[in-house]
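Asker: I have a structure I would like to understand better, so I am pasting it below and will then ask my questions one at a time.
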Amino acid sequence: MVSVKFHPIPKCVPVKKVCDDDGLTESDQETSSKSIKSEKPFYYYIRNGDFDIVWTNVAVFLTGHILFFYTYYYAFYEFDNRTKHLATILWVNALTPWLGTSLTGGAHRLWAHRSYEASLPLKIFYMLGFTVIGQNCLYIWARDHRVHHKWSDTDGDPHNTKRGFFFAHCGWLMRKKHPEMIEKAKTLDFSDLMKDPVVRFNTEHYWILYFIFSFLLPVGIPIYCWGEEYFASFLMCFVFRYIGTLHVTWFVNSAAHMFGEKPYKEIEPVENMWVSLIGYGEGYHNYHHSYPNDYQASEHSHGFNLTKHFIDLMAKLGLAYNLRTTSDTTVELCKQRQMKINNETDDMLKQKSSKAKFNSYKMIALFSLWCYYYSYASFNERFAEPQRFQANGVIA
Ligand SMILES: [Zn+2]
Ligand SMILES: [Zn+2]
């Protein structure tokens, strides 16, 4: 494993590739900056054979999803030793709280937003859990997330929702980065990330850590401890877990930017309870984008914000400190201002819908009139007395 030295970290310059960069390598930057291919029509790609696609990721996700669905089939029809498989399912589920909090509490709220500080043991706990999830190294994840916040829902956003649900959900990982995003990312300073020894260690040794903690241990423990089948353990403890956690994360980028309410600010991100439920409290996205440095990532201290409760617990144990929040007054002022906007929007929508209703009634009335006229005319045509002509052409 080649370790890359980061001394000194040049400000505003992306770190060279140390773990898979989802298309953001230097060569990709050159290719992408030649033209903005997302603005070209589809036949352009067919004719030129240039799809601007990261084929490796397409292959990984496609294979992963086929195996993901095969795991269901395997679980219901092919499993011979159900007791062992049940133990494996319990094992995978037991890992979930660790993995979830590592992503939301660690990579997201701690490193990407610096919304609180954590002690070394907690950082190591997060770093290892995040490595198991397999969503790239900490540096790249936090960097992309900061860019996402800075230029949300524009071409500068890695998962811009204006390019559709599929793109925001997972398509962005299968396309090369937009040139505007690459250019804008260069203007941000990410050097604080690599100054953190835990992030640095994770980034420099990502692949070996990934092999041990994401593959070898989760898959090997069921095989070694209770004699699980090799293939069953691989399916459940590697493929299924990986694809499942990917979708939960992806829903924060897609659904939590598209389906929900905006009580705090007039921005694209929304409050989505369902995403919060599966995403450990990450679905209160209108609040989170309004106040990204709030460790709670939500106004509501109750409900489905498991990450907030976990950080509180860590703070009580002395492992987390300097928790940052937003003052109630600020939140209240924003809510009142936004309520006015929402009411105005509601009124506009109501006016629009009443106009639409009136138009549809008008259309129905016109259609009925036309039906009536047509049936009347055809009735006359059919049953009216036929005109009789005499031999000299005079009507009888
Ligand atoms: Zn977002
Ligand atoms: Zn965030």
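Asker: For each pair in 150/265; 150/340; 262/308; 186/340; 150/176, compute the distance between the two Cα atoms and list the pairs where it is over 27 Å.
Answerer: 186/340
Asker: Sequence-distant or interchain residues sharing an amide H contact under 5 Å with residue 296, placed H: which?
Answerer: none
Asker: Which peptide among 98-107, 242-251 comes first, and what is the full order, when sorted by highest mean count of other Cβ atoms within 10 Å?
Answerer: Numbers: 98-107: 24.3, 242-251: 18.5.
Ranked from most to least packed, the peptides come out as 98-107, 242-251.
Asker: Shifting gears a bit: For region 113-130, in order, what is each residue's ³J(HN,Hα) by Karplus, 6.51 cos²θ - 1.76 cosθ + 1.60 with θ = phi - 60°, in whole Hz (x at glycine and Pro)?
Answerer: 10, 6, 7, 6, 10, 10, 6, 4, x, 5, 4, 5, 4, 5, 4, 5, x, 5
Asker: Skipping prolines and chain starts, which residues have an amide H placed within reach, meaning under 5 Å, of the one on residue 175, given they are 5 or more residues away or on another chain?
Answerer: Correct list: 54.
Asker: Quick one: 3J(HN,Hα) in Hz for region 251-266, Karplus 6.51/-1.76/1.60 with θ = phi - 60°, rounded, Gly and Pro as x.
Answerer: These are the phi-based 3J(HN,Hα) values: 4, 5, 7, 9, 4, 6, 10, 10, 10, x, 9, 10, x, 10, 9, 7 Hz.
Computed from the coordinates by the stated procedures, all read-outs in this text should not be read as laboratory data. Note that this is a predicted model, so its numbers are computed, not measured. All Cβ positions, glycine included, derive from the backbone under ideal geometry; neighbour counts span all protein chains shown.
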